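Trainee: Before I ask anything, here is the structure I am working with.
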Amino acid sequence: MKKLFLALCVALGFAAAPAGAADYPTRPITLIVPFAAGGPTDIIARIAGEYMSQSLGQQIVVENIAGAGGTTGITRGSQAKNDGYTIMMGHMGTHGAAKALYPKLKYDPNKDFAPIGLVAGTPILVVARKTIKANTLKDFVALLKSRQDKMNEAHAGVGSVSFTTCSLFNGIVGVKPTRVTYRGTGPVINDMLAGKVDYACDQIVNLVPQVKAGNLKAFAIATPKRSPALPDLPTTTEAGMPEFQVSAWNALFAPKGTSKEIVTKLNQALDKALSTEGARKRILDLGGVIPEGGDRSPEYLGTFVASEVARWNKVLKK
Ligand code: MLT
C-alpha cells in the first residue's frame, strides 16, 4: 500500500519536501554576527535582517558572538541545527582569509555552509584619530615610518577584515606598529574617537558619518574609484599608494545541509530586501556596494567563496 502511495506522490510530482520547509519560517530566525555590536558586520546584518523579516513574516534576531577574528561565531553557526532558524553573516575575513591564518580552523568555508547570498561589498578606508599630525596619506605614511614604535593600529582579531587589510597596508609601508585586538571595529572606532588608538583599516559602512563629521581622519579608499558616499576622499592610487587595492564583502550563510527550499526562501527574502528602496538607500549612503542580478544567487556565493579562499591563501602565504 505504502509503495503505491509513494508512487502516486511521485507520479503527481509531490517532491517529498523536508518537514517544515513548506511553511518555513514559523518562528523567529537567529542571525549570528561574529563581531561586537556597532561594527560593519553588525550594521549590514541589521539592515538586511530588518528588511528580510518583512517578507519572511518572522523576526530576524541578531546575536553577536565575537572572538578570534569572527571565527568563534562562524564556528558556532556552522555547528547549529540546519533547520533554517540559525543563519550567520560571514565576510571576506571569516570565509576568505581565515583559512590561511588559522591552521586549526574548526570549519571549512567551502564545505560547512549552505551559501544564501552576497549582501554588500564594503570598500576599505585607512582612518586615523582626528588629532593625528597628518592630513594626507603621504604625510601619514611618513609619520608612521618615523614613529612606528609609538603608534598603534587597532583591528578586530586575526583573520578579520581590519586585521587582514591592515596587514597588507603595514607590509606596503614597511612598518610593524603595535597591533591592538578588539572584538569588532565598532569598539575600535569608539576608542579612536577617544584618541586611544592611532589608526585602522576599516570598512566604509562603519565610518561615513564620523568621517563626514570630522571626528575621524580618512586618508584614502583602497578601490580604483572614489565612493559616492565620500566623494572628496581620494583613492589610494590618487594618494600615491596604487599597490594598496582591497575591498571586503559581507554574505549570509546557513549551516550545511539546510534544505534547498529553505535556502531559496532566505535568498528570495534577501533579494527582495536588496531591491527595496529603504534598504538600498541605507547601504548606499554608508558607501556599501549592492550586488545585482546573478551575483545575488547562492550558487554565485559558493563559487565566490572558493575563489576568495584561494586568493587570500596566495596573498597571505606571501
Ligand atoms: C572585521 O573583520 O574587521 C570586522 O568586520 C569588524 C566588525 O565587523 O566589527
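The values are calculated or read from the model by the stated rules, or taken from the named source; none is laboratory data. Everything numeric here is computed off the predicted structure, so don't read it as measured data. Here Cβ is always computed from backbone atoms with ideal geometry, including for glycine, and neighbour counts include all displayed protein chains. Remember, those area values only see protein heavy atoms, side chains included, never the ligands or the DNA or RNA. Shrake-Rupley method; radii C 1.70, N 1.55, O 1.52, S 1.80 Å.
Trainee: Could you please tell me which pairs satisfy a Cβ distance under 6 Å, a separation of 6+ or placement on different chains, a first residue in segment 33-45 that is more than 17 Å from G117 (Cα to Cα) and within 8 Å of the ligand (Cβ to nearest atom), and a second residue that is open to solvent by 10 Å² or more (accessible area, probe 1.4 Å) and among the charged types (D, E, K, R)?
Mentor: A36/R183
Trainee: Output the qualifying pairs, or none if there are none: Cβ atoms under 6 angstrom, residues six or more apart or on different chains, first residue in segment 170-196 and within 16 Å of M151 (Cα to Cα), second residue of a type in the set (D, E) and open to solvent by less than 40 Å² (accessible area, probe 1.4 Å).
Mentor: That search, which allows pairs on different chains as well, returns P177/E153; R179/E153.
Trainee: Can you name the helices (runs of 4 or more DSSP H) wholly within segment 154-220 that have at least 2 residues being among the β-branched types (V, I, T), within 13 Å of the ligand (Cβ to nearest atom) and crowded, with 24+ Cβ neighbours inside 10 Å?
Mentor: In segment 154-220, the matching helices (runs of 4 or more DSSP H) lie at 161-173, 185-193.
Trainee: Among the residues of segment 283-296, write down those that are surrounded by fewer than 19 Cβ atoms within 10 Å (Cβ to Cβ) and not β-branched (V, I, T).
Mentor: L284, D285, E292, G293, G294, D295, listed by residue number.
Trainee: Out of segment 77-113, which residues are away from the ligand (no atom under 16 Å from the Cβ), within 24 Å of Q58 (Cα to Cα) and not polar (S, T, N, Q)?
Mentor: A80, K81, D83, G84, Y85, I87, F113
Trainee: If you check every pair at least six apart or on different chains, which have Cβ atoms under 7 Å apart with a residue in segment 127-142 that is without any contact (Cβ under 8 Å) to a residue 24 or more places away in the chain and part of a loop (DSSP other than H, G, I, E, B) first and a residue that is open to solvent by less than 80 Å² (accessible area, probe 1.4 Å) and not acidic (D, E) second?
Mentor: Pairs that qualify, where the first residue is without any contact (Cβ under 8 Å) to a residue 24 or more places away in the chain and part of a loop (DSSP other than H, G, I, E, B) and the partner is open to solvent by less than 80 Å² (accessible area, probe 1.4 Å) and not acidic (D, E), are K133/L143.
Trainee: Let me ask another. Quick one: is S275 within 18 Å of V119 (Cα to Cα), within 20 Å of the chain's Cα centre (by Cα) and without any contact (Cβ under 8 Å) to a residue 40 or more places away in the chain?
Mentor: yes
Trainee: Another question about this same structure. Can you work out which of the residues in segment 38-69 that are on the phi < 0 side of the Ramachandran plot and of a type in the set (G, A, S) is surrounded by the most Cβ atoms within 10 Å (Cβ to Cβ)?
Mentor: G39
Trainee: Looking only at segment 46-71, how many residues end up being within 14 Å of the ligand (Cβ to nearest atom) and assigned to a helix (DSSP H, G or I)?
Mentor: 7
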